[in-house]
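Below is one structure, written out as structure tokens; comments come after it.
What follows draws every value from the coordinates through simple rules; no lab data is involved. What you are looking at is a predicted structure, and each value in this text was computed from that prediction instead of being measured. In this analysis, Cβ positions are derived from the backbone assuming ideal geometry, glycine residues included, and neighbour counts consider all displayed protein chains.
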Amino acid sequence: MHGKLRLTWLMRHSPQNQLVDFGSVYTVGSMGGQGSAGNVLAALCSFFIPGLGQLLQGRLLMAIIQFCLAAILWFFLLGWIIHLWSILDAALFKPR
């Protein structure tokens with residue numbers, strides 16, 4: 001099969017919880033975890049705003065804690081500690 005016809009056939013005959021890309025099938029559940037693209041993106045977000053990466057990962061409470069702690073500690077020039085913690089926490093997060 002060629003190009004568009006092959007993609008159409010794959011989309012009709014593959015389970016709904018999988019991504020299809022011209023014959024390459026990746027299960028959505030196997031894309032998370034340490035070192036994944038999602039964690040890299042979350043770490044980059046936390047680099048700019050502490051807690052934003054955790055929010056991107058769906059961890060609202062941790063995002064609020066890290067954002068507030070960083071905001072408070074930046075007044076004492078110690079916010080960089082929470083900022084680094086936020087980046088590392090987002091990058092090394094492993095979903096359960």
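Taken along the Cα-to-beta-carbon direction at a fixed 7 Å, the label points for residue 94 and residue 37 span 2.3 nm. Whole-Hz Karplus values for region 56-73 come out as 4, 7, x, 9, 5, 4, 5, 5, 5, 4, 5, 5, 5, 4, 5, 4, 5, 6 Hz, taken residue by residue from phi with 6.51 cos²θ - 1.76 cosθ + 1.60 and θ = phi - 60°; glycine and proline positions read x. Taking 7 Å steps out from each Cα toward its Cβ at residue 74 and residue 48 produces label points 1.4 nm apart.
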